[in-house]
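The values are calculated or read from the model by the stated rules, or taken from the named source; none is laboratory data. The model shown is predicted, which means the values in this text are computed figures rather than measured ones. FYI the Cβ positions are ideal-geometry reconstructions off the backbone, even for glycines, and counts take in every protein chain you see. Please note that ligands, DNA and RNA were not included when accessible areas were found on the heavy atoms of the full protein model with its side chains. Shrake-Rupley method; radii C 1.70, N 1.55, O 1.52, S 1.80 Å.
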Amino acid sequence: MEMDDLLKLRKFIAPEIVYGPGALHLAGHHARNFGASKALIVTDPGVQQAGWTAKVEASLKAEGIPYAVFSGVTPNPKDYEVTSGAEFYRSWGCDLILAVGGGSPMDCAKGIGVVVGNDRNILTFEGVDEVPGPGPPLIFIPTTAGTSADVSQFAIITDSTRKVKIAIVSKMVIPDIAIVDPVTTTTMTSTLTASTGMDALCHAFEAYVSTAGSMLTEMMALEAVRLVINNVDGAYRYPDNMNFRDHMMMASLMAGLAFSNASLGLVHAMAHSLGGAFDLAHGECNAMLLEKVVRFNYSAAEGKYARLADTMGVRHHQNDPGGAASNLSASIAALRQRLGITQRLSDFGVREADLAQLSEFAAQDPCLSTNPRAALPNQIKAIFKEIF
Ligand SMILES: [Fe+2]
């Protein structure tokens with residue numbers, strides 16, 4: 001941390017956080033504290049099947065709070081799913097939203113809150129601070145250790161007509177309470193553990209080198225990197241080990257608080273473009289991109305990348321930034337491979353002819369504005385080619 005960093009004007013915003021094994025069962029108690037007369041639960045079929053939605057329902061029943069369940073959410077939640085969810089909310093006369101699941105149900109729930117609070121189509125809120133009024137109270141219960149939508153001021157929704165992801169960045173989408181229960185992550189498949197773990201690592205990396213970082217975000221980002229590096233292999237191999245799961249959940253939470261306040265960078269700009277156009281898994285896109293973007297960015301934030309390398313236990317020499325960038329990039333690549341993420345873009349049906357358009361969309365993504373190095377569409381295209 002250089003002195004200059006301390007002198008920057010910065011703010012830090014976070015929801016109330018209830019963390020720990022068993023926290024899930026407090027959902028009804030907190031809904032009661034908000035005076036809810038009917039709750040909308042936003043979830044998805046996978047989370048329902050894993051049994052977490054039923055546990056939240058039981059907690060609401062115990063408090064005598066009626067509820068309606070909306071599970072019409074797919075990965076990379078679409079604008080029309082938000083519209084349906086908002087209609088569902090109104091038709092049932094709900095006055096509080098409870099999200100249970102990974103990034104998709106949580107982002108969809110944020111979208112529903114914005115729409116019912118402001119009575120406009122979700123796509124009209126794109127950008128930073130474009131949500132004029134508050135929505136209903138939001139209680140979020142994440143069931144993956146990676147996306148951190150439960151603490152962030154970001155909601156990412158797919159514009160289904162243009163096939164692009166839009167970012168809604170606003171204090172209004174920060175949940176009122178994040179109920180973070182690491183036990184919920186034990187039902188993740190190894191594939192999901194890997195991709196969400198890499199997403200958390202990307203959040204920490206991008207927040208740490210962001211041009212909008214502060215001492216608070218940098219501290220959380222570095223600790224998140226340390227926790228991911230020490231625990232993600234274990235969580236991937238031993239899914240029932242609560243120690244690994246607990247540390248990964250805390251890593252995700254810290255990385256989420258860091259990126260919510262410092263924003264992200266080129267990895268997420270490119271991943272949003274890919275996810276919007278081809279409906280690809282967000283974490284896998286990030287995992288493919290991080291090692292390439294580290295090489296691209298390194299010279300623009302050498303000191304910070306050196307500290308990230310130290311935190312990861314990667315050897316580097318002060319007088320050889322090129323070698324340091326290579327070592328750090330190789331270490332991320334090795335982790336990605338250990339976690340079984342070995343696909344290339346061409347495996348997902350992306351054609352080389354698509355890369356120019358994908359690069360144009362990535363260049364317009366708001367996450368790019370805090371990347372330590374400016375990136376032009378042709379430079380972004382060259383990175384896409386590396387993972388093609
Ligand atoms: Fe992400």
Exercise for review: Give the residue, chosen from 128, 209, that is more than 14 Å from the ligand (Cβ to nearest atom), farther than 27 Å from residue 53 by Cα and modelled with pLDDT of 95 or more.
Suggested key: 209
Check your understanding: Out of (1) among the small types (Gly, Ala, Ser); (2) open to solvent by less than 10 Å² (accessible area, probe 1.4 Å); (3) over 18 Å from residue 253 (Cα atoms); (4) in a loop (DSSP other than H, G, I, E, B), what's the single condition that is false for residue 133?
Key -> (2)
Review point. Restricting attention to the stretch 260-294, and to residues there that are surrounded by fewer than 24 Cβ atoms within 10 Å (Cβ to Cβ) and in a loop (DSSP other than H, G, I, E, B), which single residue is farthest from the ligand (Cβ to nearest atom)?
Key: 279
Exercise for review: Tell me, yes or no, whether the stretch 116-124 has at least one residue that is under 22 Å from residue 271 (Cα atoms) and in contact with a Gly (Cβ under 8 Å, 6 or more places away or on another chain).
Suggested key: yes
Point to revise | Subset of the stretch 46-79 that is of a type in the set (S, T, N, Q) and in contact (Cβ under 8 Å) with a residue 24 or more places away in the chain - its residue that is nearest to residue 24 (Cα to Cα) | key: 59
Point to revise | the stretch 167-188, residues that are crowded, with 21+ Cβ neighbours inside 10 Å, without any contact (Cβ under 8 Å) to a residue 60 or more places away in the chain and either under 30 Å from residue 241 (Cα atoms) or within 16 Å of the ligand (Cβ to nearest atom) (or both) | key: 168, 188
Review point. Can you tell me which of 204, 194, 221 is within 13 Å of the ligand (Cβ to nearest atom), part of a helix (DSSP H, G or I) and not hydroxyl-bearing (Ser, Thr, Tyr)?
Key: 204
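Within the stretch 70-78, is there a residue that is closer than 23 Å to residue 272 by Cβ and outside any loop (DSSP other than H, G, I, E, B)?
Within the stretch 70-78, the first condition is being closer than 23 Å to residue 272 by Cβ, and the residues that meet it are 72-78.
Those left that are additionally outside any loop (DSSP other than H, G, I, E, B): 78.
Yes, there is a match, as at least one residue in the stretch 70-78 is closer than 23 Å to residue 272 by Cβ and outside any loop (DSSP other than H, G, I, E, B).
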**Study point:** Residues within the stretch 29-45 that are over 26 Å from the mean Cα position of the chain (by Cα), free of Cβ contacts under 8 Å to residues at least 60 places away in the same chain and either surrounded by 21 or more Cβ atoms within 10 Å (Cβ to Cβ) or not in a loop (DSSP other than H, G, I, E, B) (or both), tallied
**Key:** 3
Point to revise | Residue within the stretch 158-166 that is within 16 Å of the ligand (Cβ to nearest atom), in a helix (DSSP H, G or I) and surrounded by 24 or more Cβ atoms within 10 Å (Cβ to Cβ) present | key: no
**Study point:** Answer from 99, 14, 54, 86 - the residue that is small (Gly, Ala, Ser) and in a loop (DSSP other than H, G, I, E, B)
**Key:** 14
Review point. Among (1) under 26 Å from residue 259 (Cα atoms); (2) modelled with pLDDT of 95 or more, where does residue 57 come up short?
Key: (1)
Review point. Which numbered condition trips up residue 94, out of (1) within 15 Å of the ligand (Cβ to nearest atom); (2) open to solvent by 10 Å² or more (accessible area, probe 1.4 Å); (3) under 21 Å from residue 70 (Cβ atoms)?
Key: (1)
